[in-house]
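Asker: Sending over a structure as structure tokens; questions will come in a sec.
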Amino acid sequence: MAETPNLRFEFGKNWLDFIRREFSQEKIDISKRHILEFMRRDDLAGLSFLDIGCGSGLHSIAAHQSGANPVRSFDYDPTSVQAARYIQERTNRPENWSVEQGSVLDEAYMDSLPRFDVVYSWGVLHHTGDVWRAVRNAAGRVKPGGLFYIALYSADVQIDPPPQFWLDVKKKYVSSGPLVRRYMELWYVYRFQMSCRPWNIMTPIRQMIAYKKNRGMSMFTDIRDWLGGWPMEFVYDKDVVAFCERLGLELKNIKTGEACTEFLFAKTADEPPATAAP
């Protein structure tokens, strides 16, 4: 996912640990429901699907089981590739789903890919170290008339604490050992989910249950991803919309208010020769 030679979070290890512990058909079904509801579709039958930064591979197999054909997945992190291939093994190696290592910042690699009916990248492009180049390269793989579904960490919701607070937290987490990381995870739950009130212990438990129902993910897996997700860039929702419009993309749906804003665009025209970042 990211190409930073110094500090970098072990996204792949995080997702491989999760998928080995918790993979199930129920989690695939939850992911399918989330994707299809946001896309306002009953299925993905007849649509080719590219999963950029596939992580655990859970969303890729959800797209496959929703009818997408073919599904192509890649991730910069070789351990994430391993996690996705683990799911392939658990789901009888679907012939029309391929998984490989690759980088969205590698123009030669991206240009080697065909265009797809759906290009999907959930919570990935802001971790590359060059979010706007990543968005542009990803959008370039969408067919005319195709769909571009991305989720990016929003600066709009990071008011108190502000984005710089979280950037400092992430750098500390990724440079720390296991004991400090466990402390920081508990600190996060106590401060931001329990509001520093011990009697609110049921709040994170309820959130954990709801989280699995809504996305099929583990809340603690995503907490580690949130605290350790470095490199990292926050973006304003309006900047994403404006940038993508300059790429010939029209906003079809948006979901705001959470750490990641979800965007669904339709490609109405090929991108212009040059597009500057906001």
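Asker: Looking only at the range 142-176, count every residue that is in a loop (DSSP other than H, G, I, E, B) and buried (at least 21 other Cβ atoms within 10 Å of the Cβ) and tell me the total.
Answerer: First, pick out the residues of the range 142-176 that are in a loop (DSSP other than H, G, I, E, B): 155-162, 175-176.
Still in the list and also buried (at least 21 other Cβ atoms within 10 Å of the Cβ): none.
Here the count works out to 0.
Asker: Moving on to the next point. Can you tell me which residue among PHE18, PHE38, PHE9 is outside any loop (DSSP other than H, G, I, E, B) and closer than 30 Å to PRO178 by Cα? Step through it out loud before you land on a result.
Answerer: Values: PHE38 fails: closer than 30 Å to PRO178 by Cα; PHE9 fails: outside any loop (DSSP other than H, G, I, E, B).
Result: PHE18 is the single residue among PHE18, PHE38, PHE9 that is outside any loop (DSSP other than H, G, I, E, B) and closer than 30 Å to PRO178 by Cα.
Asker: Would you call SER103 in the same structural domain as ARG33 (by TED's automatic domain parsing) and touching a Gly at 6+ places or on another chain (Cβ under 8 Å)?
Answerer: Numbers: in the same structural domain as ARG33 (by TED's automatic domain parsing): yes; touching a Gly at 6+ places or on another chain (Cβ under 8 Å): no.
It is false that SER103 is in the same structural domain as ARG33 (by TED's automatic domain parsing) and touching a Gly at 6+ places or on another chain (Cβ under 8 Å).
Asker: Of the residues GLU10, GLU26, GLU100, GLU95, which is under 15 Å from the mean Cα position of the chain (by Cα), surrounded by fewer than 17 Cβ atoms within 10 Å (Cβ to Cβ) and either of a type in the set (D, E, K, R) or within 26 Å of PHE265 (Cβ to Cβ) (or both)? Give the derivation first.
Answerer: Numbers: GLU26 fails: under 15 Å from the mean Cα position of the chain (by Cα); GLU100 fails: under 15 Å from the mean Cα position of the chain (by Cα); GLU95 fails: under 15 Å from the mean Cα position of the chain (by Cα).
None of the others qualify; the one that does is GLU10.
Asker: Whether any residue in the range 109-116 is in contact (Cβ under 8 Å) with a residue 60 or more places away in the chain and buried (at least 18 other Cβ atoms within 10 Å of the Cβ) is what I want to check.
Answerer: Within the range 109-116, one or more residues are in contact (Cβ under 8 Å) with a residue 60 or more places away in the chain and buried (at least 18 other Cβ atoms within 10 Å of the Cβ).
Asker: I would also like to ask the following. Could you tell me how many of the residues in the range 30-41 are surrounded by fewer than 18 Cβ atoms within 10 Å (Cβ to Cβ) and farther than 20 Å from PHE265 by Cβ?
Answerer: Residues in the range 30-41 being surrounded by fewer than 18 Cβ atoms within 10 Å (Cβ to Cβ) and farther than 20 Å from PHE265 by Cβ: 1 in total.
The values are calculated or read from the model by the stated rules, or taken from the named source; none is laboratory data. Not measured: the values here are computed from a predicted model. Virtual Cβ from ideal backbone geometry, glycine too; neighbours counted across all protein chains shown.
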